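Peer 1: Structure provided below as structure tokens; questions to follow.
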Amino acid sequence: MKTTVMLTGDVNLMGVEDPAVPFRSVSKTFEHADVVFCNLECCLYEPPVPRKMMADEVSGYEGFYASPSSGRALQLGGFHCVGNANNQNYGPEQIVASNQHLDQLGIPHVGTGINQATARAPAVITRNGKRVGFLQRTSQYWPNNHEALEARAGVAVIKAYTAYQPVYYKDGTLPPNRPGTPPVILTWCDPGYLANFKQDIASLKSQCDIVVSSHHMGHKGDILDFQVEIAHAAIDAGADVVMAHAEHYPLGIEIYKGKPIYYGLGSFCFIKSNKRYLRGWVGLLARVTYEGNQVKQMGFSFVRQNDDTEVVIRAPDQETEALAEIRKMSARFKTQFEIQGDQVVFSTGS
């Protein structure tokens, strides 16, 4: 029996006035999936005072807060689960309130919680006899009281570090003491955080047929070493697909040990998203089909959002610039792409 999993990038419901609008078109596509999952990059929370006053009075970073009534869009659209470990789910009170609204809607969520244990806990969706498990972690979070701890609500994280290595010679022309030479940027994961994450993936895989590992990570179009480290560790531990989100445009795609890694799905519903292309942002709807527990087909469709907030599928021939950039960013992984209808499917080149 076939199982189709559809995954989207960032969903931010700020500015959504009619919850029936954003996903009314793509919900027809979602009907062909067994499970649909997104990264919810906002809290369903009504601030007690206007945002400008909060910005003046509260130190630290303020997250994105969408009207709780907008959460109905997720239910109407057909999402089965959401992840909310990201830099925009911020504030213990806000996170708890948002999760309560999701619970009222009957939408499972992963990546945040009232403490570290609940933030790290998975969600498992059973559809047509298949158990699909979800975990989410963020490597982009704020240092001021954002990470979930033993007795504090917050987001589940994988901490990563940065170092700068001087370039001693470049093309055999620059001496090691040349002032102003840009360094090589090195990134890597905290071993303890990564070990705990791998244990969580392995434990979830023992309970599920398919495991989705979701991550908020990315920086200015680069696929950094720590991102590859996390993605490979997830699959080595038992994940069947890895999805990432943070940049508001697509990044490269890798097939590792026969399993897909989407290093950046971009935006899916994000009215305030920054612009990457001349006509506004473009995102990806990942589609992975399994035969039994083995990957049968890996692909994606392009999406954009209309001015009325409606998300629509775009044909690949309408997004030649975006596809060319994805090909370029994926070349290091030798990923090959082929257009099939409204989808782009991919495989590993020989």
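The values are calculated or read from the model by the stated rules, or taken from the named source; none is laboratory data. On a predicted model such as this, the values are computed, not experimentally measured, just so you know. Methodologically, a virtual Cβ is constructed for each residue, glycine included, from the backbone with ideal geometry; neighbour enumeration extends over all protein chains shown. Side chains included, ligands, DNA and RNA excluded: accessible areas come from the protein's heavy atoms. Shrake-Rupley method; radii C 1.70, N 1.55, O 1.52, S 1.80 Å.
Peer 1: Take the chain, drop everything but the C-alpha atoms, weight them equally and run the Debye formula without solvent; then report log10 I(q)/I(0) at 0.08, 0.12, 0.14 Å⁻¹ to two decimals.
Peer 2: The computed values of log10 I(q)/I(0) come out as -0.37, -0.84, -1.14.
Peer 1: Here is a further query. Tell me, what HN-Hα J-couplings in whole Hz come from the Karplus equation 6.51 cos²θ - 1.76 cosθ + 1.60 at θ = phi - 60° for each residue of segment 75-89, using x for Gly and Pro?
Peer 2: Ordered by residue, 3J(HN,Hα) equals 5, 5, x, x, 6, 9, 6, 10, x, 9, 8, 7, 6, 9, 8 Hz.
Peer 1: Using packing as a proxy for protection, rank 158-165, 258-265 so that the peptide with the highest average count of other Cβ atoms within 10 Å comes first.
Peer 2: Descending packing order for the listed peptides: 258-265, 158-165.
Peer 1: Lys and Arg at +1, Asp and Glu at -1: add these up for the other residues within a Cβ distance under 13 Å of HIS32 and post the number.
Peer 2: Surrounding charge for HIS32 is +1.
Peer 1: Starting from the residue with the highest accessible area, list ASP200, ASP240 in decreasing order, probe 1.4 Å.
Peer 2: Details: ASP200 35, ASP240 5 Å².
Most to least solvent-accessible, the answer reads ASP200, ASP240.
Peer 1: Right, another one. Given springs between every Cα pair under 10 Å in a Gaussian network model of the chain, which of THR187, THR118, THR309 has the largest fluctuation?
Peer 2: Answer for the Gaussian network model of the chain: THR187.
Peer 1: Also, quick follow-up: What whole number of Å gives the distance from the Cα centroid of segment 313-350 to the Cα centroid of segment 116-131?
Peer 2: One Cα centre to the other: 31 Å.
Peer 1: Only helical DSSP H runs with n ≥ 4 go in: add -39500 (n - 2.57) per run for the chain, normalise by residue count and round the 222 nm mean residue ellipticity to 500 deg cm²/dmol. All intermediate terms of the calculation are to be shown ahead of the outcome.
Peer 2: Working: 8 runs with 76 residues, N = 350.
Helix contribution divided over all residues of the chain: -6500 deg cm²/dmol.
Peer 1: Please calculate how many Å² of accessible area segment 101-254 carries per residue, with a 1.4 Å probe and no DNA, RNA or ligand atoms counted.
Peer 2: Working: 6860 Å² over 154 residues.
It amounts to 45 Å² per residue over segment 101-254.
Peer 1: Name the long-range amide H neighbours of VAL211: under 5 Å, sequence gap of 5 or more, or other chain; modelled H, no Pro or chain starts.
Peer 2: Close amide H contacts, sequence-distant or interchain: GLY133, ASP240, VAL241.
Peer 1: Another question, if that's okay. I need to check one value: relative contact order of the chain, counting alpha carbon pairs closer than 8 Å and at least 6 residues apart, in percent.
Peer 2: Details: 858 pairs, mean separation 57.4, N = 350.
About 16 percent, as a whole number.
Peer 1: With r as the distance between the Cβ atoms of VAL167 and ARG131 and R0 = 56 Å, compute the FRET efficiency 1/(1 + (r/R0)^6) and round to 0.05.
Peer 2: 0.70
Peer 1: What list of ³J(HN,Hα) couplings, whole Hz, do you get for segment 246-251 from phi and the Karplus terms 6.51, -1.76, 1.60, once you set θ to phi - 60° and write x for glycine and proline?
Peer 2: Result, ordered by residue: 3, 5, 9, 7, x, 10 Hz.
Peer 1: Pairs to check: LYS220/LYS259; LYS220/LYS334; LYS28/LYS130; LYS2/LYS220. Give those whose C-alpha atoms are more than 32 Å from each other in this structure.
Peer 2: On the way: LYS220/LYS259 25 Å; LYS220/LYS334 22 Å; LYS28/LYS130 22 Å; LYS2/LYS220 36 Å.
Violating the 32 Å limit, Cα to Cα: LYS2/LYS220.
Peer 1: Let me ask another. Quick one: 3J(HN,Hα) in Hz for segment 138-144, Karplus 6.51/-1.76/1.60 with θ = phi - 60°, rounded, Gly and Pro as x.
Peer 2: 10, 10, 10, 7, 9, x, 9
Peer 1: Follow-up question, since we're still on this one. Given a 1.4 angstrom probe, I'd like the percentage of the accessible area of segment 197-289 that is carbon and sulfur, rounded to a whole number. Intermediate results must be reported in sequence, preceding the final value.
Peer 2: Numbers: 1320 of 2830 Å².
Roughly 46 percent, rounded to a whole number.
Peer 1: May I pose another question? Using modelled amide H (1.01 Å from N, peptide plane; none on Pro or chain starts), what sits under 5 Å from the amide H of VAL110, excluding residues fewer than 5 places away?
Peer 2: VAL82, GLY83, ASN84
Peer 1: Taking amide H positions as placed in the peptide plane 1.01 Å from N, state which residues far from VAL167 in sequence (5 or more) or on other chains have amide H under 5 Å from it.
Peer 2: Under 5 Å from the amide H of VAL167 lie the amide H atoms of VAL184, each far enough along the sequence or on another chain.
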